[in-house]
Amino acid sequence: MSQTLQAIRGMNDILPDAAEGWEAFEELVRDWLTAYGYRPIRMPLVEPTPLFARAIGAVTDIVEKEMYSFTDSLNGEQLTLRPEGTASCVRAVLQHNLLYDGPKRLWYLGPMFRHERPQKGRYRQFHQVGVEALGLAGPDIDAEQIIMCARLWDDLGLNAAGSIKLEINSLGQPAERAEHRTALIAYLESHADQLDEEARRRLHTNPLRILDTKNPAMQALVEGAPKLMDYLGESSLKHFAGVQQLLKDAVIPYRINPRLVRGLDYYNLTVFEWVTEQLGAQGTVCAGGRYDGLVEQLGGKPAPACGFAMGIERLMALLEAHGAGLEAPAPDVYVVHQGEAGQRQAFRAAEMLRNNGFTVFMHMGGGSFKSQFKRADASGAQLAMIIGEDEAVANAVTLKPLRAAAEQQRVPLDELADRVGDWLYGADEDNSKE
């Protein structure tokens with residue numbers, strides 16, 4: 001007997017019960033983003049490897065250790081499964097000249113890939129919703145994106161539970177970061193004996209990331225490090241103040257976290273994270289910020305930009321932890337039937353209802369009326385439509401309410417859609433009467 005094949009570790013199947021919740025989440029997300037003027041864009045899963053090395057930074061964990069990269073056996077091209085969406089989105093905007101007629105608000109949804117140690121909330125194939133606004137320079141778009149997130153948490157029932165909290169920071173501009181970087185390296189070098197192996201490796205390549213260390217033994221050292229905020233100029237401070245004022249106006253609570261630096265090299269000015277304490281170590285469910293230099297860095301004309309991404313797996317886990325999981329809508333009608341003539345009429349009646357916009361599940365696989373009604377009840381449908389030999393002969397169906405104390409009734413086939421509509425949407429008449 002051949003060995004049963006299984007999915008790659010860290011790349012998970014999403015089974016129907018969970019997938020229906022994902023579908024409901026994605027539908028909510030589409031409506032939410034449309035309300036803020038964002039339009040969908042879809043990029044390939046595979047991109048040229050240099051795109052990420054140039055955009056994310058060659059000396060980052062993602063590029064150094066986590067990317068799924070390979071050589072195309074046909075032409076020798078270096079390719080990578082996308083580890084994040086911003087670089088791909090900017091590449092698409094530049095390739096197709098989407099900024100020719102002004103700013104763009106874009107969003108995407110789909111899988112990303114990183115070779116990490118799988119654990120709760122962190123997988124090798126994971127899914128993100130990404131939001132990017134290109135061509136807009138002011139603090140207003142930064143604040144709007146944060147406020148957007150707060151609205152989504154509200155729609156998902158997470159704000160009321162206090163599950164997600166906002167942290168913000170400013171990384172300033174490259175020249176300001178360079179001055180801070182010099183001071184930071186000098187400080188860390190003077191305490192070299194307290195640095196762990198990872199910090200020593202990053203000391204001269206990406207010292208800002210040392211501030212984000214999770215090593216308890218280095219927390220006091222990090223707390224005493226030079227603060228980037230002390231090196232920001234008037235323009236950067238004004239931008240950050242503008243973001244904060246708009247958040248205060250919108251009554252969005254936040255905490256300034258000077259150690260919030262983000263793991264990607266392309267960020268400047270505003271950065272933010274929405275974090276929770278309820279998912280263990282993987283506490284960030286949404287993160288982003290401004291990346292004004294990336295468009296030029298990838299070969300385009302200079303253009304401001306900002307965006308964020310949220311991990312769907314982490315959000316779904318958080319919803320589940322609060323008993324607020326999203327469910328797919330139940331069908332309007334579940335069709336139970338007996339006999340050949342009943343089955344044929346059931347197909348016709350179900351399609352009539354679908355033609356009128358109703359959601360109809362039809363029982364398949366035979367079985368007694370009793371067993372079929374168990375399935376009907378479990379489906380969550382409001383009505384059962386019963387078709388046996390008697391209904392087939394009479395060119396009618398029997399409607400039985402499953403969620404209300406009312407009598408079943410025989411309905412002529414040509415009145416079916418109207419009567420189902422009355423049951424579901426509200427005729428004030430007494431539906432229990434024949």
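The values are calculated or read from the model by the stated rules, or taken from the named source; none is laboratory data. Predicted model only: the values in this text are computed from it and were never measured. Methodologically, a virtual Cβ is constructed for each residue, glycine included, from the backbone with ideal geometry; neighbour enumeration extends over all protein chains shown.
Computed values, structure above
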item	result
Yes/no for Ala199 being among the aliphatic types (A, V, I, L, M), in a helix (DSSP H, G or I) and farther than 19 Å from Arg262 by Cβ	no
Given (1) surrounded by 12 or more Cβ atoms within 10 Å (Cβ to Cβ); (2) over 25 Å from the mean Cα position of the chain (by Cα); (3) in a helix (DSSP H, G or I), index of the condition Thr205 fails	(3)
Helices (runs of 4 or more DSSP H) contained in the stretch 3-97 and holding at least 2 residues under 24 Å from the mean Cα position of the chain (by Cα) and among the charged types (D, E, K, R)	16-35
Leading residue by the ranking (surrounded by the fewest Cβ atoms within 10 Å (Cβ to Cβ)) among those in the stretch 343-373 that are basic (Lys, Arg) and farther than 22 Å from Asp422 by Cα	Lys370
Strands (runs of 3 or more DSSP E) contained entirely in the stretch 220-339, each with at least 1 residues that are closer than 19 Å to Val129 by Cα and touching a helix residue (DSSP H, G or I) at 6+ places or on another chain (Cβ under 8 Å)	268-275, 284-290, 305-311
Ser379 vs. criteria farther than 30 Å from Val275 by Cα, in the same structural domain as Ala417 (by TED's automatic domain parsing), over 38 Å from the mean Cα position of the chain (by Cα) and among the hydroxyl-bearing types (Ser, Thr, Tyr)	no
The stretch 398-415 residues that are within 19 Å of Met352 (Cβ to Cβ), paired with ones that are modelled with pLDDT under 85 (beta carbon under 7 Å, 6 or more apart)	Gln409/Glu434
Exclusive hit being surrounded by 14 or more Cβ atoms within 10 Å (Cβ to Cβ) and assigned to a loop (DSSP other than H, G, I, E, B), set Ala392, Ala381, Ala376	Ala381
Filter result (farther than 21 Å from Tyr36 by Cα and surrounded by fewer than 20 Cβ atoms within 10 Å (Cβ to Cβ)) within the stretch 101-120	Pro111, His115, Glu116, Arg117, Pro118, Gln119, Lys120
Residue ID - surrounded by the fewest Cβ atoms within 10 Å (Cβ to Cβ), chosen from residues in the stretch 167-202 that are aliphatic (A, V, I, L, M) and more than 24 Å from Asn268 (Cβ to Cβ)	Ala192
Single match in Leu51, Leu79 (criterion: out of contact with any Asp or Glu (no Cβ under 9 Å at 6 or more places or on another chain) and either closer than 26 Å to Pro207 by Cα or in the same structural domain as Tyr108 (by TED's automatic domain parsing) (or both))	Leu51
